[in-house]
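Data block below; observations after.
The values are calculated or read from the model by the stated rules, or taken from the named source; none is laboratory data. This one's a predicted model, so the numbers in the text were calculated from it and none came from an experiment. Please note: Cβ atoms are built from the backbone with ideal geometry, for glycine as well, and neighbour counts cover all protein chains shown. Heavy atoms of the whole protein, side chains included, go into the accessibility calculation; ligands, DNA and RNA do not. Shrake-Rupley method; radii C 1.70, N 1.55, O 1.52, S 1.80 Å.
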Amino acid sequence: MSKVATLAAWVIISLCLVALITLPVNLQTQLIASVLVVTFVALIKLLDAGGKWRLIALAFGSAMVLRYVYWRTTSTLPPVNQPENFIPGFLLYLAEMYSVMMLALSLFVVAMPLPPRPSRSATPGKYPKVDVFVPSYNEDADLLANTLAAAKGMDYPADKLTVWLLDDGGTSQKRNSTNLVDAQRAAARHRELQKLCEELGVRYLTRDRNEHAKAGNLNNGMLHSNGELIAVFDADHAPARDFLLETVGYFEDDPRLFLVQTPHFFLNPDPLERNLRTFEKMPSENEMFYGIIQRGLDKWNAAFFCGSAAVLRRKALEDTSGFSGLSITEDCETALALHGRGWNSVYVDRPLIAGLQPATFASFIGQRSRWAQGMMQILMFRFPLLKGGLSIPQRLCYMSSTLFWLFPFSRTIFLFAPLFYLFFDLQIFTASGGEFLAYTLVYMLVNLTMQNYLYGSFRWPWISELYEYAQTVHLLPAVVSVLLNPRKPTFKVTAKDESVFESRLSEISRPFFVIFAVLLVASALAIYRVYTEPYKADITLVVGGWNLLNLIMAGCALGVVSERGEKAASRRVKVSRRCEFSFGEQTYPATIENVSAHGARVQVYGLPTDELLIDVRGQIRFQPYSGDGTFETLPVKIRNIETDGDLTIVGCRYLPEIARHHSLVADLIFANSQQWSEFQRMRRGNPGLVRGTLWFLWLALYQMSRGLIYFFRSIKSEAGANK
């Protein structure tokens, strides 16, 4: 009886919803209803109401979105017998429907995400044997040394832990290349890394041929190891000392668990954060995915493997013949295959690794192109909606993750749609200014309010739009190419530990300035048409406002592609650890203020600066987290000196001479996972829709001016070089 009553209730609610969506009302009534709904949703958000109130607010917002969809479908499309209007108008309609579909999928995934899981430590005496895989292709030995030392230094029984460097840069194929220079480099790398692994107590493994990229490399590691669990870290992802203790315990609870995934935390800003200077003020772009979306996916048993910072069960991988390699995103594809076989996954929302992300805009776009093309391959080859073995929620979750990467198409249409009217007077959206205000503007406000409700502390207003626009210009050709030839893309390794020493325009920045110029001309044309065609002023003002919004976004992107120079070779991390600094035969009390992959900044008390010289040797003595409490010594070279009263600030560069020195460097930078959580909490905060929008407008104006300065400076520099 209860099931019948529940079904009847759902039917009644659905009929009421349909009636609400299709109810014919005049513009004044529609506008009043819209204002009431927006106010209601905003009020619930301001009161920070959760639980059922959160769902009620999202339901009201969704009803207004669906009402817009109904009006847009039945009242605004151009006549079919006007192809010059209908074709671009229908493309705009499809772009909007794609956005509505992605909003619906997002609501399904993250409307009520799981709260962060509690810690699940492994039971003492039941530690499973773990193989740690660090796949590598072209990374420097110093970078690998830090990651391998951090992995080797994890708190875990030594007889249960084996660390492997899986080197695809020193394969027999590469060492025997017909290109003599490439062959010599591969052979030198092979010898260097073998020696490094021997010193660190790590197993070195390579293979005959570079087949199936990263997936093939990982599968080769599986053939030569036998641990019950496999932890995977990218070459630039170093784990904290408690990584395994915080993850392997979950496998005791569920024999069908194949994956424990943790978030990717990054020491350095991505190019947008670095060039906009938001890294320490605003949540990073990836925090929306790892802080909200993965927890939403975890609710539906659909959290997927992200290629690193994860532990997997060997038995599960053997069930699908290892890591999948049909697409160039082997991580998500592997998770999809295992979920389809009935295996489960868990997401632990605590940063337990620290890595590096692309520093230049070109490398950033290269990385995102690989992600986009790989997800398109999964969509075309595996098509999650119809894949056997998945539950309906899992199908929807994977469709959301793959379909997201079609955003370059919708973003391109939204960017150029106003130009059809302003330049060519095409009527691609048949509505008056009042109708636009009552329906479209309200739809946009509701959409923004719901997004801020869902992601507020993890994604500030308009930042998603900026990231998508900045990627669209170059991702659109990449996505089109994979749709035309799904097997064409090949795996390309993302550049690691880059630096930009001089301020300059990105080498792929030109299209952004061209688009900005076109939008600027269109804005001037809109003003001109308001005065010369007053009988169409309402429509022109609406379209001109739309174009102005695009212009603001494009102006902000000029700052994104204007690369700021950095003096430091790598990003510094605040640590504040007591130590002793030795110079000559004297030892002084000191504090390690911050560290990087290459050096440290030390505050020394009572150090006589008149005796201190640049480029001479010194020593830092401190207690490692993973040691027995005794002080250990790390040799350094003094690079710069500053004085501040009784304190002397010494900039040092590490001089690792033995394997233990690499372990000490890793301990300084990576051992304490708590510092990553504290850093994330420090920059999380919801500015709200109004304040966030005002902040973005200021940011866009400033970055637009900075980008134009870089542009004219580059033109002047080129002109001087050509004389």
Exercise. Looking at Lys195, Lys214, which one is under 30 Å from the mean Cα position of the chain (by Cα) and among the charged types (D, E, K, R)?
Worked result: Lys214
Exercise. Do we have Asp242 as of a type in the set (Asp, Glu), open to solvent by less than 40 Å² (accessible area, probe 1.4 Å) and over 19 Å from Asp140 (Cβ atoms) here?
Worked result: yes
Seminar exercise, completed: Taking region 147-184 and keeping only residues that are open to solvent by 40 Å² or more (accessible area, probe 1.4 Å), among the charged types (D, E, K, R) and either modelled with pLDDT of 90 or more or at positive phi (or both), one is left with Lys152, Asp155, Asp159, Lys160, Lys174, Arg175
Problem set entry | Of the criteria (1) touching a residue at least 24 places away in the same chain (Cβ under 8 Å); (2) touching a strand residue (DSSP E or B) at 6+ places or on another chain (Cβ under 8 Å), which one Lys637 fails | (1)
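Yes/no per residue for (1) buried (at least 19 other Cβ atoms within 10 Å of the Cβ); (2) under 33 Å from the mean Cα position of the chain (by Cα); (3) under 19 Å from Met444 (Cβ atoms); (4) at pLDDT 95 or above:
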position: Phe501; (1), (2), (3), (4): no, yes, no, no
position: Leu505; (1), (2), (3), (4): yes, yes, no, no
position: Ile508; (1), (2), (3), (4): no, yes, no, no
position: Leu520; (1), (2), (3), (4): no, yes, no, yes
position: Ile527; (1), (2), (3), (4): no, no, no, no
position: Val530; (1), (2), (3), (4): no, no, no, no
position: Ala537; (1), (2), (3), (4): no, no, no, no
position: Val542; (1), (2), (3), (4): yes, no, yes, no
position: Ala557; (1), (2), (3), (4): yes, yes, no, yes
Exercise. Which of (1) touching a Gly at 6+ places or on another chain (Cβ under 8 Å); (2) in a helix (DSSP H, G or I); (3) open to solvent by 10 Å² or more (accessible area, probe 1.4 Å) does Cys332 not meet, given it meets every other one?
Worked result: (3)
Exercise. Can Tyr710 be described as buried (at least 18 other Cβ atoms within 10 Å of the Cβ), part of a helix (DSSP H, G or I) and modelled with pLDDT of 90 or more?
Worked result: yes
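Here is a yes/no grid of residues against (1) within 20 Å of Arg411 (Cβ to Cβ); (2) open to solvent by 20 Å² or more (accessible area, probe 1.4 Å):
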site: Gly61; (1), (2): no, no
site: Asn81; (1), (2): no, yes
site: Leu91; (1), (2): yes, yes
site: Leu94; (1), (2): yes, yes
site: Ala111; (1), (2): no, no
For this session: Inspect all residues belonging to region 420-433 and state whether any of them is over 30 Å from Phe40 (Cβ atoms), of a type in the set (A, V, I, L, M), at pLDDT 90 or above and surrounded by fewer than 21 Cβ atoms within 10 Å (Cβ to Cβ).
Result: no
Seminar exercise, completed: When restricted to Arg653, Arg691, the only residue without any contact (Cβ under 8 Å) to a residue 60 or more places away in the chain, more than 28 Å from Val604 (Cα to Cα) and of a type in the set (D, E, K, R) is Arg691
Exercise. How many residues does region 434-446 contain that are farther than 18 Å from Val25 by Cβ and crowded, with 22+ Cβ neighbours inside 10 Å?
Worked result: 0
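A quick yes/no check of all residues on (1) over 19 Å from Gly307 (Cα atoms); (2) aliphatic (A, V, I, L, M); (3) in contact with a His (Cβ under 7 Å, 6 or more places away or on another chain):
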| site | (1), (2), (3) |
| --- | --- |
| Leu385 | yes, yes, no |
| Gln394 | yes, no, yes |
| Tyr421 | yes, no, no |
| Asp425 | yes, no, no |
Exercise. Just a yes or no: is a residue in region 377-384 of a type in the set (Phe, Trp, Tyr) and out of contact with any Phe, Trp or Tyr (no Cβ under 6 Å at 6 or more places or on another chain)?
Worked result: yes
Seminar exercise, completed: The residue that is surrounded by the fewest Cβ atoms within 10 Å (Cβ to Cβ), considering only those in region 270-305 that are under 16 Å from the mean Cα position of the chain (by Cα) and of a type in the set (Phe, Trp, Tyr), is Phe279
For this session: Considering (1) modelled with pLDDT under 95; (2) surrounded by 15 or more Cβ atoms within 10 Å (Cβ to Cβ); (3) over 26 Å from Ser308 (Cβ atoms), say which one Phe513 fails and leave the rest.
Result: (1)
For this session: Search region 189-200 for residues that are within 19 Å of Tyr137 (Cβ to Cβ) and pair each with any residue that is of a type in the set (Phe, Trp, Tyr) when their beta-carbon atoms are under 8 Å apart and the residues are at least 6 apart or on different chains.
Result: Leu193/Tyr204; Gln194/Tyr204; Cys197/Tyr204
Seminar exercise, completed: Okay, helices (runs of 4 or more DSSP H) sitting entirely in region 360-461 with 1 or more residues that are closer than 27 Å to Arg54 by Cβ, touching a residue at least 24 places away in the same chain (Cβ under 8 Å) and in contact with an Asp or Glu (Cβ under 7 Å, 6 or more places away or on another chain), I get 407-424
